[in-house]
Amino acid sequence: MEKLRVMSVFGTRPEAIKMAPLVKELASREDIQSICCVTAQHREMLDSVLEVFALKPDWDLDIMTPRQTLSTITSKCLTGMDGAIEALKPDMILVHGDTSTTFAGALSAFYHKVPVGHVEAGLRTYDKYSPYPEEMNRKLVTAIADLYFCPTENNRENLRREGVTEGVFVTGNTVIDALRTTVRKDYTFTTKELNELPYDSKKIVLVTCHRRENYGQPMEEIMSALADIARTHSDVELVYPVHLSPVVQEVAHRHLDRIPNVHLIAPLAADEMHNLMARCYLVMTDSGGLQEEAPALGKPVLVLRRETERPEAVAAGTVKLAGVKQKDITAMARELLTDGNAYAAMAHAVNPYGDGQACRRIADAILWHFGRGEKPSDFRT
Ligand code: UD1
Ligand code: UDP
């Protein structure tokens, strides 16, 4: 029997981190030819992930430009995908999550009548503009997809409410599979500054912030809050690997340069980031991925957003929504930095997002869909 040609399409850092273990799992299956197509919506940040996970793409659309718009990303991906699909002739295309690459990848697959598997399906805020444009991207991909790989039962329930019940699997999130390969107790950082941090004598606060809906006033308030926190807590070292978006770079450096206990550093390789997270005191972020990783590592998270599509860790008590107002963010951080009981109540490891077996379940589900294996059992917490 011919091998199934399964093509994974991704373009940004988080998609790459979450798809890398799946590309490898697919490649390990006798019945599957694993094909990797990158749009390079992110260039440097994608290449860093490809290096950490030793992945070599079969096709690279190389679309990134500085200050790219949503329209240019989508149109360049669509045009580029035509060539990739015609040349590589996949039997199924996998897309991940909710980026512009995800949407364009799925739409292109549909234009070529190739079935689509949506990895990390069923996340919702029900606010069209927050996160923007991700909430719309994932809803549009839901309409196109044939198979849905939901991280949690709650995600499946969201799809069920929208009438999507066929081809739905609860697999856990592949990010937990990735974390299991990167985090090690004896890890030594290659970034010199990270080896020199006073992990035992100071509180390391790990920060990231990049979302488009936070551009403007919300990001100004977030950065002011971070400056306040650093200035008023001398026992804190705030470590912030700044996203390469010029919008983010400008606002972060304007507010946080020249504060001695703030370390604005270049984006970290995924293994460096995961091991820093494992050793930090607190995470403050508007990232989706960090909200999933930190709970698995027992680190409290303050989410720098008004909502989240990841309520599972909020329910488990390890993540809190801090919002985007300077006053609220500062107050919530102060509580966790000064009140040991409040901190202890949030600092316990929970794994609502997976057990490290998501990629195995997804590969099994694909083979089952094509009549070549058993249906996998669902991930349960
Ligand atoms: C994108 C995704 C967002 C995801 C985020 C993860 C969309 C619309 N947004 O947002 O869902 O959470 O990635 O980080 O798909 N840049 C570089 N080098 C890089 C990466 C980015 O220079 O390696 C700069 C470029 O100037 C680029 C800009 O960052 O134009 C913004 O990148 P873009 O992919 O458009 O948006 P993100 O905010 O990264
Ligand atoms: N990450 C990384 N280096 C960094 C910042 C983040 O490797 O400097 C990782 C992080 O651990 C997570 C993913 O990138 O796995 C999250 O990506 P991002 O925050 O860019 O996007 P989001 O998850 O919000 O879509």
**OP:** Take residue 206 and decide whether it is buried (at least 22 other Cβ atoms within 10 Å of the Cβ), hydrophobic (A, V, I, L, M, F, W, C) and away from ligand 1 (no atom under 16 Å from the Cβ).
**Re:** no
Subject >> Exclusive hit being farther than 25 Å from residue 336 by Cβ, within 14 Å of ligand 2 (Cβ to nearest atom) and surrounded by fewer than 24 Cβ atoms within 10 Å (Cβ to Cβ), set 160, 212 >> reply: 212
**OP:** Identify the single condition in (1) crowded, with 20+ Cβ neighbours inside 10 Å; (2) under 30 Å from residue 366 (Cβ atoms); (3) hydrophobic (A, V, I, L, M, F, W, C) that residue 183 does not satisfy, given that it satisfies every other one.
**Re:** (1)
Original post:
Given (1) within 17 Å of residue 289 (Cα to Cα); (2) charged (D, E, K, R); (3) more than 16 Å from ligand 2 (Cβ to nearest atom), where does residue 13 come up short, assuming only one miss?
Top reply: (3)
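Right, residue 198: surrounded by 15 or more Cβ atoms within 10 Å (Cβ to Cβ), more than 30 Å from residue 378 (Cβ to Cβ) and not β-branched (Val, Ile, Thr) or not?
no
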Original post:
Just wondering, is there one or more residues in the range 81-90 that are over 21 Å from the mean Cα position of the chain (by Cα), modelled with pLDDT of 95 or more and farther than 26 Å from residue 366 by Cβ?
Top reply: no
Subject >> Residue check for residue 259: over 30 Å from residue 65 (Cα atoms) and assigned to a loop (DSSP other than H, G, I, E, B) >> reply: yes
**OP:** Note down all Cβ pairs under 8 Å where the first residue falls in the range 50-68 and is more than 20 Å from residue 90 (Cβ to Cβ) and within 16 Å of ligand 2 (Cβ to nearest atom), the second is among the small types (Gly, Ala, Ser) and in a loop (DSSP other than H, G, I, E, B), and they're at least six residues apart or on different chains.
**Re:** 51/269; 52/269; 64/40
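Is it true that some residue in the range 321-338 is part of a helix (DSSP H, G or I), more than 16 Å from ligand 2 (Cβ to nearest atom) and within 19 Å of residue 154 (Cβ to Cβ)?
no
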Subject >> From the options 31, 47, 60, residue that is more than 10 Å from ligand 1 (Cβ to nearest atom) and within 28 Å of residue 247 (Cβ to Cβ) >> reply: 60
Original post:
Of the residues 290, 264, which is within 20 Å of residue 211 (Cα to Cα) and surrounded by fewer than 19 Cβ atoms within 10 Å (Cβ to Cβ)?
Top reply: 264
**OP:** For residues that are of a type in the set (Gly, Ala, Ser) and within 16 Å of ligand 2 (Cβ to nearest atom), tally how many sit in the range 16-49.
**Re:** 4
Subject >> Residues that are assigned to a strand (DSSP E or B) and more than 12 Å from ligand 2 (Cβ to nearest atom), drawn from the range 264-300 >> reply: 282, 284
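The values are calculated or read from the model by the stated rules, or taken from the named source; none is laboratory data. It should be emphasised that the depicted structure is a prediction, and the values quoted were computed from it without experimental measurement. Please note: Cβ atoms are built from the backbone with ideal geometry, for glycine as well, and neighbour counts cover all protein chains shown.
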